[in-house]
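See structure below.
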Amino acid sequence: MHELGVVFHIIKKVDKIASENKVEHVNSVTLEIGEVSMIVPSYFEDCWKWAVDNRSERMKGCKLIINIIKGVTKCENCNAEYSTVEHGKICPHCGSDKTFLIRGNEVMIKEIEVF
Ligand SMILES: [Zn+2]
């Protein structure tokens, strides 16, 4: 139930921002979700629909827009950057495993739209 936890966390955050800005209703939220964040977008959306209607008056019916951020890994050996999903931990350019993820495991609020 990883997704549900993340959904609650995001809703809490958006709700707090909305309350600080005296917003009565949040229309939609745009999230950036990394390809390798372990979040399943379709499951995330199901959790979202349920949670906005049950957890926050201010966010009832709030739409969710998901932007997927590509996973990128950097190789320490040859400095190349490559697609994490395609090649995993081994650098496709030099075969080194001294690599680290530079992008793609984040879940970030990008935009909050209100009436
Ligand atoms: Zn390399």
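The values are calculated or read from the model by the stated rules, or taken from the named source; none is laboratory data. Note that the structure is a prediction, hence the values are computed from the model and not measured. Methodologically, a virtual Cβ is constructed for each residue, glycine included, from the backbone with ideal geometry; neighbour enumeration extends over all protein chains shown.
I'd like the full set of residues that are within 16 Å of the ligand (Cβ to nearest atom) and either among the β-branched types (Val, Ile, Thr) or free of Cβ contacts under 8 Å to residues at least 24 places away in the same chain (or both), limited to the range 64-83.
Val72, Thr73, Asn77, Cys78, Asn79, Ala80, Glu81, Tyr82, Ser83
Pull up the range 84-111, narrow it to residues that are within 13 Å of the ligand (Cβ to nearest atom) and in a strand (DSSP E or B), then point me to the one that is surrounded by the most Cβ atoms within 10 Å (Cβ to Cβ).
It comes out as Thr99.
Within the range 46-67, take every residue that is more than 21 Å from Glu24 (Cβ to Cβ) and touching a strand residue (DSSP E or B) at 6+ places or on another chain (Cβ under 6 Å) and give me the one that is surrounded by the fewest Cβ atoms within 10 Å (Cβ to Cβ).
Within the range 46-67, the match that is surrounded by the fewest Cβ atoms within 10 Å (Cβ to Cβ) is Asn67.
Among the residues of the range 1-52, write down those that are part of a loop (DSSP other than H, G, I, E, B) and of a type in the set (S, T, N, Q).
Matches in the range 1-52: Asn21, Ser37.
Only one of (1) out of contact with any helix residue (DSSP H, G or I) (no Cβ under 6 Å at 6 or more places or on another chain); (2) at pLDDT 95 or above; (3) more than 16 Å from the ligand (Cβ to nearest atom); (4) not in a loop (DSSP other than H, G, I, E, B) is not met by Gly61, so which one is it?
Against the list (1) out of contact with any helix residue (DSSP H, G or I) (no Cβ under 6 Å at 6 or more places or on another chain); (2) at pLDDT 95 or above; (3) more than 16 Å from the ligand (Cβ to nearest atom); (4) not in a loop (DSSP other than H, G, I, E, B), Gly61 comes up short only on (4).
Which condition number does Lys49 fail, the rest of (1) within 15 Å of Ile109 (Cα to Cα); (2) without any contact (Cβ under 8 Å) to a residue 40 or more places away in the chain being met?
Answer for Lys49: the failing condition is (1).
Just to be sure I understand, how many residues within the range 1-44 are without any contact (Cβ under 8 Å) to a residue 24 or more places away in the chain and surrounded by 14 or more Cβ atoms within 10 Å (Cβ to Cβ)?
Residues in the range 1-44 being without any contact (Cβ under 8 Å) to a residue 24 or more places away in the chain and surrounded by 14 or more Cβ atoms within 10 Å (Cβ to Cβ): 0 in total.
Go through (1) within 15 Å of the chain's Cα centre (by Cα); (2) farther than 20 Å from Asn105 by Cα one by one and return the number of the condition Pro41 breaks.
All conditions pass for Pro41, except number (2).
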